[in-house]
Amino acid sequence: MTQTYPTPRGKLTENRVLSDLTWLRVGGPADALFQPADLADLQGFLAALDPSVAVFPMGVGSNLIVRDGGIRAVVIRMGRGFNHINIYGNRVTAGVAALDAHVARKAAEAGLDLTFLRTIPGAIGGAVRMNAGCYGSYVADHFVSARAVTREGALVTLTADDLNFQYRQTDLPEGWVIVEATFEAESADPEVLAARMEEQLAKRDATQPVKERSAGSTFRNPAGFSSTGKADDVHDLKAWKVIDDAGLRGFSIGGAQMSEKHSNFMINTGEASAHDLELLGETVRKKVFQNAGLTLQWEIKRIGEFSGEPIPDGLAEAQKSGA
Ligand SMILES: Cc1cc2nc3c(=O)[nH]c(=O)nc-3n(C[C@H](O)[C@H](O)[C@H](O)COP(=O)(O)OP(=O)(O)OC[C@H]3O[C@@H](n4cnc5c(N)ncnc54)[C@H](O)[C@@H]3O)c2cc1C
């Protein structure tokens with residue numbers, strides 16, 4: 001049976017391929033892509049949408065592999081009606097479509113230090129959802145509250161307790177869409193903050209493939225536990241190092257490659273499919289386990305359906321073969 005959708009004031013596109021909306025430039029079609037005009041449009045659409053239809057909010061796709069078979073859901077992507085940035089005292093309130101970099105720059109001009117957001121390529125919704133962070137600061141350190149729309153269309157306020165911030169993760173009920181977040185920041189000299197952001201950009205450029213199609217770090221840094229489940233002495237294992245040690249810097253499958261510049265960044269060299277990228281990741285997990293007995297966990301979110309056979313879990317394969 002074909003699904004019918006409520007008619008919003010914003011844009012609704014059925015069977016919309018998502019590849020051009022992700023940094024890795026891969027991904028099949030969503031059942032529908034909804035770009036709400038504003039908050040009321042989003043609320044009205046969700047309230048009227050058949051409750052059995054899944055909803056997936058996305059930002060600018062800088063942490064996503066959308067699989068080649070696409071997503072059986074309405075994907076919601078916020079734009080112009082959600083990109084305000086307002087500053088009152090030491091607080092910055094930003095709509096979820098505001099880019100992290102713009103928020104950092106606006107805050108710095110007002111003498112507020114959210115500089116850690118300057119080099120993260122996502123938008124504010126993704127930053128809150130992923131508890132984004134770098135150079136020692138995370139969203140959780142500055143978070144005051146957020147507003148979100150539930151799957152039923154109600155507007156609610158979320159506290160830090162509701163979101164339960166963890167490493168690159170929060171708890172948000174399925175289908176809820178964050179629309180705005182408020183952060184608190186320390187005061188500092190705008191010139192000092194501008195200089196700090198320039199330094200951070202230069203550091204990124206020197207160490208990461210920032211001009212390539214990537215989704216940032218592919219895997220979390222291993223927590224320092226071996227496959228035996230016993231705590232190791234070392235707790236600062238870096239994913240890039242264990243990938244290097246397994247000889248996988250530059251390793252490629254099809255158009256997908258572990259970057260020569262930063263071995264924990266997976267890049268699309270041109271013609272990669274989501275299948276190539278995910279198979280590369282699972283092969284890296286397998287080889288790292290075989291080499292060092294270490295388990296790598298994905299940091300990139302993989303969503304949607306495979307277009308053919310599912311890709312086997314590389315780690316499970318390595319563990320089964322007793323490697
Ligand atoms: C070159 C590069 C460098 C990176 N460096 C860093 C880094 O230093 N630190 C870091 O933390 N990350 C880094 N990342 C990863 C990525 O930029 C962050 O995870 C970012 O916060 C994702 O934001 P996004 O808008 O792209 O979200 P998306 O990738 O579109 O989505 C990510 C998740 O957020 C959810 N989401 C997005 N918007 C909403 C919303 N409005 N409501 C509810 N859920 C939502 C999605 O459902 C999905 O689960 C990097 C990525 C790249 C490409």
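FYI, it's all coordinate maths here, none of it is from the lab. Source: prediction; values computed, not measured. We place every Cβ from the backbone using ideal geometry, glycine too, and count neighbours over all the protein chains shown.
Please list, or write none, the aspartates and glutamates whose alpha carbon is within less than 18 Å of the alpha carbon of residue 261, excluding same-chain residues fewer than 8 places away.
Excluding near neighbours in sequence, the set is 205, 212, 244, 245.
Can you pick out the pairs among 203/301; 106/241; 211/320 whose Cα atoms lie more than 31 Å from each other?
106/241; 211/320
Suppose the chain between residue 317 and residue 206 were pulled fully straight at 0.36 nm per residue; how much longer would it get relative to their current alpha carbon spacing?
The residue 317-residue 206 span can extend by a further 36.4 nm.
As a test of the formula, what do you get for the chain when each DSSP H run with n ≥ 4 contributes -39,500 (n - 2.57) and the sum is divided by the residue count, at 222 nm and rounded to the nearest 500 deg cm²/dmol?
-7500 deg cm²/dmol
Where the convex hull is taken over the Cα atoms of the chain, what is its projected area averaged over directions, in nm²?
The number I arrive at for the chain is 17.5 nm².
Once the Cβ-Cβ distance between residue 245 and residue 86 is put in as r, and R0 is 51 Å, what FRET efficiency do you end up with, to the nearest 0.05?
Efficiency at R0 = 51 Å is approximately 0.60.
Quick one: Debye curve from the alpha-carbon atoms of segment 51-113 only, equal weights, vacuum; give me log10 I(q)/I(0) at q = 0.14, 0.16 Å⁻¹ to two decimals.
-0.55, -0.65
As an exercise, use a Förster radius of 51 Å and the Cβ-Cβ distance of residue 195 and residue 298 to find the FRET efficiency, rounded to the nearest 0.05.
Efficiency computed from Cβ-Cβ geometry: 0.90.
What FRET efficiency do you get for residue 154 and residue 7 if R0 is 25 Å and r is their Cβ-Cβ distance, rounded to the nearest 0.05?
0.75
Taking 0.36 nm per residue of sequence separation and subtracting the Cα-Cα distance, how much length would be gained by fully extending the chain between residue 144 and residue 167, in nm to one decimal?
Stretched fully, the residue 144-residue 167 segment lengthens by 6.5 nm.
Once the Cα atoms of segment 209-317 are picked out, what are the Rg and Dmax in Å?
Just the Cα atoms of segment 209-317 yield Rg and Dmax of 13.6, 42 Å.
So for the chain, averaging the separation of alpha carbon pairs under 8 Å that are six or more residues apart and normalising by length, what relative contact order in percent results?
Normalised by residue count, the contact order of the chain is 17 percent.
Give me the number: length gained by fully extending residue 53 to residue 236, i.e. 0.36 nm times residue separation minus the C-alpha to C-alpha distance, one decimal in nm.
Additional length available on full extension: 61.6 nm.
Let me spell out the model: positive unit charges on the Cβ of Lys and Arg, negative unit charges on the Cβ of Asp and Glu, origin at the Cα centre of segment 66-121. What dipole size does that give, in debye rounded to 20?
Roughly 200 debye, rounded to the nearest 20.
Per 10 Å bin, what percent of the C-alpha pairs of segment 81-191 does each bin hold, from zero upward?
16, 52, 28, 5, 0
What is the magnitude of the charge dipole of segment 209-317 about its Cα centre, with +1 placed on the Cβ of each Lys and Arg, -1 on the Cβ of each Asp and Glu, and no other charges, expressed in debye to the nearest 20?
Magnitude of the dipole: close to 280 debye.
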